[in-house]
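Enquirer: Take this structure, written in structure tokens, and hold onto it; I'll ask about it next.
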Amino acid sequence: MTKESLNGKAVEMMEGVNNEGFQVDDDKETSDNVKVQEEPSSTLVLSPNEEESAYRQIKPYAGMPKEVLLLYSNQARYRLPREILFWLVIASTVALVAVTITVIAMSPACLSWWQSSAVYQIYPRSFKDSDNNGVGDLKGIRDKLDHFDYLNIKAIWISPFYKSPMKDFGYDVEDFRDVDPLFGTMQDFEDLLASMHNKGLKLIMDFIPNHTSDKHRWFLLSRNRMSGFEDYYIWTNCTPSIPPNNWVSVFGNSSWTYDEVRGQCYLHQFLKEQPDLNFRNPHVREEMKDIIRFWLDKGVDGFRMDAVKHLLEAKHLRDEPQVDPNKPPESVNSEFDLYHDHTTSQLGLHDILRDWRVEMDKYSREPGRHRFMVTESYDYEEIEKTMMYYGTEIVKESDFPFNFYLLDLPKRLSGGGAFDLVNLWMTNMPKGKWANWVVGNHDKPRISSSTGKEYTRVINMLLLTLPGTPTTYYGEEIGMENVNVTEIQDPFGKFNPNASRDPQRSPMQWSGEQYAGFSKNETWLPIHPDHATVNVEFQKNESGSVLEQYRALSLLRQAELALHRGWACFVHRDADVFAFARELDGLSQAFLVVLNFGGKALTDLSGVPELPDELTVRVGTRGREGERLQKAQIETWPGEGLVLEYSSSVRLNPGHASSCFIAEKACYLSALDILYKC
């Protein structure tokens, strides 16, 4: 091994090393300043002026110095592939970003939790008793959370459990920030809420804004004219025997009661123990927003706003017009004797609701934590008033107002009657809004009693296959009926025994035990004598039971795109049968729902060319799953319902626009298995 000096640099030569890449450079002359050194085993030719020429005789190799790398990287055969790859990466990135933006822009909004699940109403006094005092409680609800997993229900609405004297079973609130000891403690509530959230369940609370209990601190201060609280309620001058006007309470008799402490009358649109708050007082409005924030801070997922149409009254306090002008004024003692022009749906009501919506939206910014708001207002034939609770295109109010029109189904039990009630809501609902359906609650008779047990299954099928959110009152999933109550508990029932709400509030029937698995002691209302077979435990083990079919329909609604966000197209109605299709553009799979609310029927749908000749039973209230039926001869029995599945590329909605409805139009792209706006 030798070392030579080249242009001031040392070059080390190894003996016996042969450079395979060496070539004689015939085009270059050797510099006079450089002496060519020849060794027997190796020869190296260097340029006199360029240091890089020292590397031209060497092929690229692993670990090469930068000078060699730069020398060869500029050659076309190396540079061109590199540039091609670079621009391919740039083009691919731009294309990926463009596709992502397009998919986001074209994708319809995902359904929120209150749209994708049924809502289940719990009346806490009657759901589950954990301490065996005969009354349900919060710990009892927590013990039964697995029931909702079984039903595939994710949203639970719990009726009031605030601290209360219980004159109206919790709707007379003494303290909006506390739990009544009858139901447990605040810690019990927080444990329940945490357990629900751990299971992916949402909790909707009852909010009672219209009135308080007469034991509430605000009322006690107001009746004593304490500074700042004088106008928290509606007070006016009167005498003990003569009310200021003819306004009538929902529970009957005058809406006014004379208070000897203050020497004036106060307004109560419900019981005299439930004085109405004065929502024209800005301090009251702020107090109620503070209460909303209190529960939202605890993690509550939404509110049912109770009796909202009563929030404001006309300031002039004039008499309301009588429905029957010839009726003696002194005999007017029912809410149905008057037109409530001055006590309901007053100007300014929707401003209050929008304020609440703004507060709730502040808590809805976290993904997946939308705070739900539903309003309760019985507007009867004035459906346009109900629709106003959706808000406007610019300002939102409730996510939806409760739809109570299906509660009239027992009075109109027929195919045509069911169609009329469903169509009434769908044709009046503002475009793009979300529907909902209620067939029972704590104020109305149970559907199994009002229509007959044979129609329970078909009504549950109607509830779970219509577009929108179904609401199920506890016990309807097993077909519970009203109980016979001899000792009335309900204050409204004490005024009018024929209108008592006790029968539909009996304890939940969990098992065939003495107290139906609800408690181990005598219950606050009697247990229905049919609880030996009409209970959760029994029906879980009975194939085709009311409970099993409810669960099957709940799972089907979630699993099938056409059912939970597709079109609903009314196909047929007559005296017995109501039929409608559920379909989604771009999706070949669709469903025909055939519901019999009358007598035995043979339905011919051959006049509907969009339907295929043959359909398959997916779910039936009398079994028949897998059976193939001809569309010209669909036979159903009284109270029978069928969910028929079919496949077709032809849609009903393009040719039947007046009888087809959808909240937000979406199409299915089978190639990518995605939904897109269309």
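The values are calculated or read from the model by the stated rules, or taken from the named source; none is laboratory data. These figures come from a predicted structure and were not determined experimentally. FYI the Cβ positions are ideal-geometry reconstructions off the backbone, even for glycines, and counts take in every protein chain you see. Areas reflect the complete protein model, heavy atoms only, side chains present, ligands, DNA and RNA absent. Shrake-Rupley method; radii C 1.70, N 1.55, O 1.52, S 1.80 Å.
Enquirer: Compute the FRET efficiency between Met64 and Thr93 as 1/(1 + (r/R0)^6), taking r as their Cβ-Cβ distance and R0 = 25 Å, and round to the nearest 0.05.
Expert: Working: r = 31 Å, r/R0 = 1.23.
Here the calculated transfer efficiency is 0.20.
Enquirer: Can you tell me the FRET efficiency between Tyr380 and Ser116 if r is taken as the Cβ-Cβ distance and R0 is 25 Å, rounded to the nearest 0.05?
Expert: For Tyr380 and Ser116, the calculated efficiency is 0.25.
Enquirer: Okay, moving on. Going by average Cβ neighbours within 10 Å, how do the peptides 233-242, 660-669, 88-97 rank, with the highest at the top? Could the numbers behind the result be given before it?
Expert: On the way: 233-242: 14.6, 660-669: 17.9, 88-97: 10.0.
Sorting 233-242, 660-669, 88-97 by mean packing, highest first, produces 660-669, 233-242, 88-97.
Enquirer: List, in order, the whole-Hz ³J(HN,Hα) value for each residue of segment 576-583 obtained from phi through the Karplus relation with A = 6.51, B = -1.76, C = 1.60 and θ = phi - 60°; use x for Gly and Pro.
Expert: Taking θ as phi minus 60°, the curve returns 10, 10, 10, 10, 8, 9, 10, 9 Hz for segment 576-583.
Enquirer: For Asp143 and Glu230, calculate 0.36 nm times their separation in residues minus their Cα-Cα distance, and state this gained length in nm to one decimal.
Expert: 26.9 nm
Enquirer: Additional query: Equivalent ellipsoid semi-axes for segment 377-521, as square roots of 5 times the alpha carbon gyration tensor eigenvalues: give them largest first, rounded to whole Å.
Expert: They are 30, 18, 15 Å, listed largest first.
Enquirer: With every protein chain kept in the model, how would you rank Arg293, Arg582 by accessible area, 1.4 Å probe, largest at the top?
Expert: The ranking, largest first, comes out as Arg293, Arg582.
Enquirer: Sticking with this one: To two decimal places, what compactness ratio does segment 597-669 give when its Cα radius of gyration is scaled by 2.2 N^0.38 Å? Walk me through the numbers before you get to the answer.
Expert: Details: Rg = 14.0 Å, N = 73, 2.2 N^0.38 = 11.2 Å.
Segment 597-669 yields a ratio of 1.25.
Enquirer: Within segment 325-398, list the trypsin sites (Lys or Arg not before Pro) lying in a DSSP loop whose Cβ has at most 11 other Cβ atoms in a 10 Å radius.
Expert: Those that pass, being in a loop and sparsely packed, are Arg365.
Enquirer: Over the chain, what is the mean sequence separation of C-alpha contacts under 8 Å (at least six apart), divided by residue count, expressed as relative contact order in percent?
Expert: 10 percent
Enquirer: Going from most exposed to least, what order do Ser448, Ser670, Ser364 have by accessible area with a 1.4 Å probe?
Expert: So the residues, ranked largest to smallest area, are Ser670, Ser364, Ser448.
Enquirer: Lys327: which aspartates and glutamates have alpha carbons under 13 Å from its alpha carbon, excluding same-chain residues fewer than 8 sequence positions away?
Expert: In chain and number order, the partners are Asp337.
Enquirer: Give, in nm to one decimal, the length gained when the segment between Glu513 and Lys298 is fully stretched (0.36 nm per residue of separation minus the Cα-Cα distance).
Expert: 73.7 nm is the gain from fully extending Glu513 to Lys298.
Enquirer: In segment 408-517, which GluC sites (Glu not before Pro) fall in coil by DSSP and have 11 or fewer other Cβ atoms within 10 Å?
Expert: Glu487
Enquirer: Give the shape of segment 209-254 as rounded, prolate or oblate, defined through the alpha-carbon gyration tensor: a ≥ b ≥ c are the square roots of its eigenvalues, a/c under 1.5 means rounded, and otherwise the shape is prolate if a/b is larger than b/c and oblate if not.
Expert: Oblate, since a/c reaches 1.5 and b/c is not below a/b.
Enquirer: Okay, next question. What angle do you read, to the nearest 10 degrees and between 0 and 90, between the alpha-carbon axis of helix 415-428 and the longest principal axis of the chain?
Expert: Here the helix axis deviates by roughly 60 degrees.
Enquirer: Might you work out the accessible area of His370 for me, using a 1.4 Å probe with all protein chains in place, and round it to the nearest 10 Å²?
Expert: Accessible area of His370: about 40 Å².
Enquirer: Oh, and also: How big is segment 67-170 along each principal axis, measuring the range of its Cα positions in Å and listing the largest first?
Expert: 93, 32, 27
Enquirer: Spin-label point model (7 Å from Cα, Cβ direction): what's the Ser543 to Val103 distance in nm?
Expert: Between Ser543 and Val103, the label points sit 4.3 nm apart.
Enquirer: Under 14 Å from the 7 Å Cα→Cβ point of Ala575, by amide nitrogen: which residues of segment 411-425?
Expert: Label zone hits: 413-417.
Enquirer: For helix 282-298, what angle does its Cα long axis make with the longest principal axis of the chain, in degrees from 0 to 90 and rounded to 10?
Expert: With rounding to tens, the tilt is 60 degrees.
Enquirer: Count the net charge of all other residues whose Cβ sits under 13 Å from the Cβ of His283, scoring Lys and Arg as +1 and Asp and Glu as -1. Present the calculation step by step, with values, prior to reporting the outcome.
Expert: Numbers: positive: Arg280, Arg285, Lys289; negative: Glu230, Asp231, Glu286, Glu287, Asp290.
Net charge around His283: -2.
Enquirer: Percent of accessible area on segment 152-203 owned by carbon and sulfur, 1.4 Å probe?
Expert: 45 percent
Enquirer: With a ≥ b ≥ c the root eigenvalues of the C-alpha gyration tensor of segment 305-461, is it rounded (a/c under 1.5), prolate (a/b larger than b/c) or oblate? Could you put the intermediate results ahead of the total?
Expert: Values: a/c = 2.05, a/b = 1.03, b/c = 1.99.
Oblate, because a/c is 1.5 or more while a/b does not exceed b/c.
Enquirer: When all C-alpha to C-alpha distances in segment 171-296 are sorted into bins of 5 Å, what percent of pairs does each bin hold, rounded to whole numbers?
Expert: Final binned percentages: 2, 10, 17, 20, 16, 12, 9, 6, 4, 2, 1, 0.
Enquirer: Please work out how much length the chain gains when fully extended from Val650 to Arg79, using 0.36 nm per residue of separation minus the C-alpha to C-alpha distance, in nm with one decimal. Intermediate results must be reported in sequence, preceding the final value.
Expert: Working: separation 571, 0.36 × 571 = 205.56 nm, distance 5.53 nm.
Gain on extension, Val650 to Arg79, equals 200.0 nm.
Enquirer: Set the Förster radius R0 to 25 Å, insert the Cβ-Cβ distance between Ala314 and Leu221 as r into 1/(1 + (r/R0)^6), and round the FRET efficiency to 0.05.
Expert: So, using R0 = 25 Å, E works out to roughly 0.45.
Enquirer: In whole Å, how far is the Cα centre of segment 333-405 from that of segment 521-559?
Expert: Here the answer is 33 Å between Cα centres.
Enquirer: Quick one: what does P(r) look like for segment 233-293 with 10 Å bins over all Cα pairs, in whole %?
Expert: Histogramming segment 233-293 at 10 Å steps yields 24, 44, 25, 6, 0 percent.
Enquirer: Among DSSP beta bridges lying fully in the chain, give the percent that are antiparallel, nearest 5.
Expert: 70 percent
Enquirer: Next question, about the same structure. On C-alpha positions alone, give me the angle between the axis of helix 546-559 and the longest principal axis of the chain, in degrees, nearest 10.
Expert: For helix 546-559, the angle is close to 40 degrees.
Enquirer: Give me the net charge for the shell around Arg177: Cβ to Cβ below 14 angstrom, other residues only, Lys and Arg +1, Asp and Glu -1.
Expert: Net local charge, Arg177 excluded: -3.
Enquirer: Within segment 331-361, which chymotrypsin sites (Phe, Trp or Tyr not before Pro) sit in a loop by DSSP and count at most 14 neighbouring Cβ atoms inside 10 Å?
Expert: Of the chymotrypsin sites (Phe, Trp or Tyr not before Pro), the ones in loops of segment 331-361 whose Cβ has at most 14 other Cβ atoms within 10 Å are Tyr339.
Enquirer: Suppose only helical runs count, i.e. DSSP H with n ≥ 4. What mean residue ellipticity at 222 nm does that imply for the chain under -39500 (n - 2.57) per run, divided by all residues and rounded to the nearest 500 deg cm²/dmol?
Expert: The helix contribution divided over the chain gives -7500 deg cm²/dmol.
Enquirer: Provide the per-residue ³J(HN,Hα) series for segment 97-106, in order, calculated from phi with Karplus coefficients 6.51, -1.76, 1.60 and θ = phi - 60°, each as a whole number of Hz, with x at glycine and proline positions.
Expert: Here the 3J(HN,Hα) series is 5, 5, 5, 4, 4, 5, 4, 5, 5, 8 Hz.
Enquirer: Now, a different point. Can you give the accessible area of Lys154, probe radius 1.4 Å, in Å² rounded to 10?
Expert: Counting only protein heavy atoms, Lys154 exposes about 70 Å² to solvent.
Enquirer: Using only the C-alpha atoms of segment 546-652, find the volume of their convex hull and express it per residue in Å³. Could you put the intermediate results ahead of the total?
Expert: Details: hull volume 9.4 nm³, N = 107.
Roughly 88 Å³ of hull volume per residue.
Enquirer: Based on the alpha-carbon gyration tensor of segment 533-596 and its eigenvalue square roots a ≥ b ≥ c, which shape applies: rounded if a/c is under 1.5, prolate if not and a/b is larger than b/c, or oblate? Could the numbers behind the result be given before it?
Expert: On the way: a/c = 3.94, a/b = 1.58, b/c = 2.50.
Verdict is oblate for segment 533-596.
Enquirer: Moving on to the next point. Which lysines, if any, have their Cα less than 22 Å from the Cα of Lys167, not counting same-chain residues under 8 positions apart?
Expert: Those lysines meeting the cut-off are Lys128, Lys215, Lys272, Lys309, Lys444, Lys494.
Enquirer: Still on this structure, I have one more. So which cysteines of the chain have no other cysteine's Cβ under 4.7 Å from theirs?
Expert: Lacking a cysteine Cβ partner under 4.7 Å: Cys110.
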